[in-house]
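Colleague: One structure, as structure tokens, below. Some questions next.
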Amino acid sequence: MADIHRHVRFAAITAALLCFAAGAARAQDKGTLNPHPLPPLAHPDDPATPAKELFGRKTEPVELPSLHTRTIGFYSKGCLAGAQALPVNGSTWQVMRLSRNRNWGHPDLVQFLERLANKAPKTGWHGLLVGDMSQPRGGPMRTGHASHQVGLDADIWLTPMPNRELSRVEREETSATMVVAEDRRDVDPNVWTPAHVAVIRAAAKDPQVARIFVNAAIKKALCRDAGSDRAWLSKVQPWWGHDYHFHVRISCPADSPQCEPQPPRPPGDGCSSKDLDPWFTEAMLHPKPSPFPVKPKPGPKVADLPPACRQVLLAP
Ligand SMILES: [Zn+2]
């Protein structure tokens, strides 16, 4: 029974991650200097309303003193109270795509990013360009990711920070750097540098980091370039997309009893041919398009999320 449960859970996680993989490419979508506020919903109380339409309209975080938790639920099914914003500029980081208003997270995530940004220059990586974190109240997003719902996930561009403050236009319109080679079997040697390895290694070594998602070609390169210091590689999980950015996921915070952790990654560096080869088959590299039209999924409704998320949503 436990096994079945585990299997079902794994399948659910895989399905959730698959969606987020499908959305990952959209993380490259350009932003705009003049975001239009979303039109109000005609029937916001309709229980059939997708939760992403409701959470996607919340522009401010919420403090709920009655709710003794901040992170509520699972990475791909939950929400966030008491979110903090990562300041859009630090000496060694800059937030990209400001129009999306997704630079929110649990205070642990904000602290982690500041910590990593501080360390980055010492590793040879000039500074962090930070992509999506979470919405002000977390929850499902109208575009992009299936995870990033509880304020514990952050995308970091695989483009080093330039030596100057980027303009608003640049933050909306610059594309991140594709580091995977055209044949998808390895990284592009003209783009990949030791500093890429160093910044991912520094992130993985942070005790609060639970896992890091990268494209399989990047995992392969990390396995090759890591040298003898390899324990951190176990946290790095190959996943679809993630060829312009790496995705850092931190563990459930101590102040959040309603946070649902993810099972730990298997021990070992995950670099064996048994681990990596399945990612580089013809079917994986060039998947056949579905013979049926793929309908976009509406995603979870509020009733599908943990009950406390309704409070988070309804609070003024
Ligand atoms: Zn991500």
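Colleague: Of the residues that make up the range 7-27, is at least one at pLDDT 50 or above and part of a helix (DSSP H, G or I)? Reasoning before the result, please.
Modeller: Restricting attention to the range 7-27, the residues satisfying the condition of being at pLDDT 50 or above are 26-27.
From what is left, the residues that are part of a helix (DSSP H, G or I) are 26-27.
Yes, the conditions are met somewhere in the range 7-27.
Colleague: Please determine whether any residue of the range 234-249 is touching a Lys or Arg at 6+ places or on another chain (Cβ under 9 Å), among the aliphatic types (A, V, I, L, M) and touching a residue at least 60 places away in the same chain (Cβ under 8 Å).
Modeller: yes
Colleague: Determine, yes or no, whether residue 136 is more than 16 Å from the ligand (Cβ to nearest atom) and in contact with an Asp or Glu (Cβ under 6 Å, 6 or more places away or on another chain).
Modeller: Spelling it out, residue 136 is indeed more than 16 Å from the ligand (Cβ to nearest atom) and in contact with an Asp or Glu (Cβ under 6 Å, 6 or more places away or on another chain).
Colleague: All but one of (1) away from the ligand (no atom under 16 Å from the Cβ); (2) of a type outside the set (Val, Ile, Thr); (3) open to solvent by 10 Å² or more (accessible area, probe 1.4 Å); (4) within 27 Å of residue 101 (Cβ to Cβ) hold for residue 256; state the number of the condition that does not hold.
Modeller: (3)
Colleague: When the residues of the range 261-283 are filtered to those that are assigned to a helix (DSSP H, G or I) and over 29 Å from residue 229 (Cβ atoms), which remaining residue is least open to solvent (accessible area, probe 1.4 Å)?
Modeller: 283
Colleague: Quick one: in the range 188-219, of everything that is β-branched (Val, Ile, Thr) and out of contact with any His (no Cβ under 8 Å at 6 or more places or on another chain), which residue is surrounded by the fewest Cβ atoms within 10 Å (Cβ to Cβ)?
Modeller: Let us first name the residues in the range 188-219 that are β-branched (Val, Ile, Thr), namely 191, 193, 197, 199-200, 209, 212, 214, 218.
Imposing the further condition that a residue be out of contact with any His (no Cβ under 8 Å at 6 or more places or on another chain) reduces the set to 191, 193, 197, 199-200, 209.
Values: 191: 14, 193: 16, 197: 21, 199: 25, 200: 28, 209: 19.
Within the range 188-219, the match that is surrounded by the fewest Cβ atoms within 10 Å (Cβ to Cβ) is 191.
Colleague: Another one. Tell me the strands (runs of 3 or more DSSP E) entirely within the range 111-227 that contain at least 2 residues that are out of contact with any Phe, Trp or Tyr (no Cβ under 8 Å at 6 or more places or on another chain).
Modeller: Hits in the range 111-227: 209-214.
The values are calculated or read from the model by the stated rules, or taken from the named source; none is laboratory data. Just so we're clear, the structure is a prediction, and the values are computed from it rather than from any experiment. Because the Cβ atoms are built from the backbone with ideal geometry, glycine has one as well, and the counts that use them run over all protein chains shown. Ligands, DNA and RNA are stripped out before the accessible areas are found, and what is left, the full protein with its side chains, is counted by its heavy atoms. Shrake-Rupley method; radii C 1.70, N 1.55, O 1.52, S 1.80 Å.
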